[in-house]
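Values quoted throughout were computed directly from the atomic coordinates according to the rules given, and no laboratory measurement underlies them. Here the structure is a predicted model, which is why all the values come from computation and not from measurement. Positions of Cβ are generated from backbone atoms using ideal geometry, with glycine treated the same way; all protein chains shown enter the neighbour counts.
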Amino acid sequence: MRVAVGGYQVSTNSFATQPMDLANFQQGTVRGDRVLSMGPGHSAIFGFLKGARERNWQVAPLHFIYPVMYGKVTREAHEWAKEELLAALRAAGRVDGVFMQLHGTAVAEHEEDCDGDLLAAIRDLVGKSTPVFASLDGHANVTPRMAENADMLIAVKTNPHSDFNAIGYRAAEVMAAMKDGSAKPCLVRAQPAMAPALQKLYIAPGWPMEHLVRLAQNERRRDARILDVSIPMGFFVSERRETGMSVLVTTNGEPGLAADVAEAMKEACWAKRHAFHTDMVSVDDAVAEAMDSDDGPVILGDLADSGGAGTPGDGTALLAALLKANAQGAVIGSISDPEAVESAFRAGIGSKLTLTVGAKIDRFHGDPVEISGRVQSLHSGIYTTGTAFISRTVDRGRIAIIDCGGVEVILTSKPVLVFEPNHFRSLGIDPAARRIVVCKAELQHRAGFAGIGKRFIDVDTPGLATQVLSRLPYTRIRRPVFPLDDI
Ligand SMILES: [Zn+2]
């Protein structure tokens, strides 16, 4: 048995103004044999390779394409990625199966369904009788074309996502059963008319998505013919016709059973739609509430400029409000501003300086803010996240921390998903000892700061990852769809 393994882990914020271009794609590509030694963090490939090794399969590595997320992918970048993957697949010769790790939310300027486009091209190349399997992120926007061109699509069942290894391993099990004739995967996709924002998609006790995942896993457990039930939750800032939640059911044969389970799960999702309504607090109210709190730290979430949703990471709304309120003991998790970082490096530790920071990439994330303070420390910026659900090494670029009279501002030269304590600790700041901590994340900070944050306030900041869908300029999404339409 010989299998080809690759990845196209590409996610797009369709509304963000910085394109994902060829250079971005090339910098984010792990080539050929190096795919075989990729670590376990966030990797379905790692789990699939474990399954492949246990069965002594030969593995033909393709490439793993994982660019930093911004706005729409350029035509050149997507076509390059597709051709690189196909060329490697052609060079691999005859294979008995293909496994691809996809994010499931790649949108290009000329193609709203890059994932389906890629799977269709792979299917064309290997033919109908060769298994094509793909893993998906929990936020995938799954299209009919994706489902038509794969034998199995399997998504993670956690959020924040911690089971990539497990779904890759499961895919190898099912592919093995397909090859030995004991399974004949039948994949059915269904979709409720809903595209929830990210804020309420936490999969933890008491949250609506946990209920749906449990229902899905109970369906799978009660009938051995059901190989997998996945509920990709959708990624509302990545726009294609099918943006939003969907259900994927894979059975062993039995198309009727797959369709029945998919329909039942679709109805269960639909019945829960109101539970995904967002609730946020205005910037001024959030700051006042945090400052009134006796017990810290209070964790403020800058949801609309999450470092995980393709926005510039330089939103300043909370920075401006906290400075204005003289919020002693507050730390701003990140403002991405390479220019300001370089100025601080030139000035040196201990120097006093005045800088204009943030909101330089576009006009959607607040206004540039003038700060005055002392350079507290300077850092190279590479660190390892310290949570059970995501452990990976992240390059934040060079970092400068400015102490603005009791408000610490962390300036980074790259956008950062600020969601967990090690980001701060690696910079000499103990977040547990601060009164107010500003994160840039959609919900990951709730898990990252569990046990540390005394209170969590999700703030209605301006930005292109706003959780208020009606503020985004959709043109392609199917209508009506909840919550854009009151159905
Ligand atoms: Zn995700």
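For the stretch 283-467, what does the alpha-carbon gyration tensor say about shape, rounded, prolate or oblate, given a ≥ b ≥ c as the root eigenvalues, a/c under 1.5 as rounded, and a/b over b/c as prolate? In terms of gyration-tensor shape, rounded. Note down the net charge around HIS365, summing +1 for each Lys or Arg and -1 for each Asp or Glu among other residues with Cβ under 10 Å from its Cβ. That works out to -3. Over the C-alpha trace of the stretch 373-416, radius of gyration and Dmax come out as 12.2, 36 angstrom. For the stretch 2-276, give the share of DSSP beta bridges that are antiparallel, in percent and rounded to the nearest 5; count only bridges with both residues there. That works out to approximately 35 percent antiparallel.
In a reduced charge model with +1 at each Lys and Arg Cβ and -1 at each Asp and Glu Cβ, the chain shows a dipole moment near 1140 debye about its Cα centre. Expressed per residue, the C-alpha convex hull volume of the stretch 2-276 stands at 114 Å³.
Taking a point 7 Å out from the Cα of ASP180 in the direction of its Cβ, the residues of the stretch 50-92 whose backbone N falls within less than 12 Å of it are 55-56. What lysines does LYS324 reach when the alpha-carbon gap must be under 24 Å and sequence neighbours fewer than 8 apart in one chain are set aside? Candidates past the 8-residue exclusion: LYS352, LYS360, LYS440, LYS454. Among DSSP beta bridges lying fully in the chain, give the percent that are antiparallel, nearest 5. Roughly 45 percent of the DSSP beta bridges within the chain come out antiparallel.
Taken over the Cα atoms of the stretch 114-210, the convex hull encloses 115 Å³ per residue. Straight Cα distances below 17 angstrom link LYS128 to the lysines LYS179, LYS184, with same-chain residues fewer than 8 positions distant left out. I'd like the distance between the alpha-carbon centres of the stretch 59-89 and the stretch 258-307, rounded to an integer number of Å. So the two Cα centres are separated by 33 Å.
Length, then width, then depth: along the principal axes, the Cα atoms of the stretch 145-300 run 65, 29, 27 Å. Straight-line cross-link partners of LYS414 among the aspartates and glutamates, defined as a Cα under 17 Å from its Cα and at least 8 positions apart when in the same chain: ASP21, ASP302, ASP305, ASP314, ASP337, GLU339, GLU342, ASP362, ASP395.
With R₀ set to 45 Å, the beta-carbon distance separating ARG346 from ARG241 gives a calculated FRET efficiency near 0.35.
For the stretch 1-102, trypsin sites (Lys or Arg not before Pro) are listed when DSSP marks them as loop and at most 15 other Cβ atoms sit within 10 Å of their Cβ; the list is ARG55, ARG94.
Summing +1 for each Lys or Arg and -1 for each Asp or Glu, what net charge is found among the other residues whose Cβ lies under 13 Å from the Cβ of GLN9? Counting the neighbours of GLN9, the net charge comes to -1.
Extent along the principal axes, Cα only, for the chain: 70, 46, 39 Å, with the longest axis given first. Oblate is the label for the stretch 96-157. Its Cα gyration tensor axes, ordered a ≥ b ≥ c, give a/c of at least 1.5 and b/c at or above a/b.
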